[in-house]
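Heads up: the structure comes next, in structure tokens.
Only the coordinates and a few stated rules stand behind these numbers; no lab work does. What you are looking at is a predicted structure, and each value in this text was computed from that prediction instead of being measured. Cβ placement follows ideal geometry from the backbone for every residue including glycine, while neighbour counts extend to all protein chains displayed.
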Amino acid sequence: MFVSIQRFIRDEAGVTPVEYALIAAIITVATTFAVSAAGYSLADLFD
């Protein structure tokens with residue numbers, strides 16, 4: 001059991017897709033925040 005856990009921890013085959021998913025999530029959150037902030041600024045500008 002312990003050997004299989006060590007093997008799982010050392011396995012780096014799935015690391016790259018996880019990193020890409022985290023980068024995509026961070027970009028999505030940042031873009032959503034930026035668009036939301038710009039939307040409120042434009043609404044205040046035209047009111």
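Things worth noting here:
- FRET efficiency estimate (nearest 0.05) - Cβ-Cβ, residue 7 to residue 34, R0 35 angstrom: 0.25
- Taking only Cα atoms of the chain, radius of gyration then Dmax in Å: 20.4, 65
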